[in-house]
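Notes to accompany the following structure.
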Amino acid sequence: MSRERIDPALDIRRAHDPEMNASLYLAGELPRRLTRWLERHLLECDDCWREVWLARRGRFIAEHARELAPPTLRDAVRGAVQLSATEYRSARRRRAWFRRR
């Protein structure tokens, strides 16, 4: 059986940081061995469990609170962005022309 190399910066067993533990765990950035360790730790540590719960709850609320902008607003924003990009390119050309003289 091969042993996983654990990046010391990710070794959550050394420094107890519930917020960091939860974020690494939920992002799937922990090696399998540390994931299993943290899952056992969550059963004993209220602080880490609370952070995981809050992060999951926050994600759920954010995903369900999304509301699409009305088509007229989306079109207006797209138009403003395109206009701004055109004006930006035009201003760059003018500055470049003045520099050459």
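Observations
- If you go through the stretch 29-71 and pick out every residue that is aliphatic (A, V, I, L, M) and part of a loop (DSSP other than H, G, I, E, B), you end up with 5.
- Subset of the stretch 31-71 [under 20 Å from Asp17 (Cα atoms), of a type in the set (A, V, I, L, M) and open to solvent by 90 Å² or more (accessible area, probe 1.4 Å)]: Leu43
- When Arg99, Arg78, Arg92, Arg74 are screened for being surrounded by fewer than 10 Cβ atoms within 10 Å (Cβ to Cβ), more than 20 Å from the chain's Cα centre (by Cα), at pLDDT below 90 and in a helix (DSSP H, G or I), only Arg99 passes.
The values are calculated or read from the model by the stated rules, or taken from the named source; none is laboratory data. Note that the structure is a prediction, hence the values are computed from the model and not measured. Here Cβ is always computed from backbone atoms with ideal geometry, including for glycine, and neighbour counts include all displayed protein chains. For the accessible areas, the whole protein counts, side chains as well, though only heavy atoms, and no ligand, DNA or RNA atoms are used. Shrake-Rupley method; radii C 1.70, N 1.55, O 1.52, S 1.80 Å.
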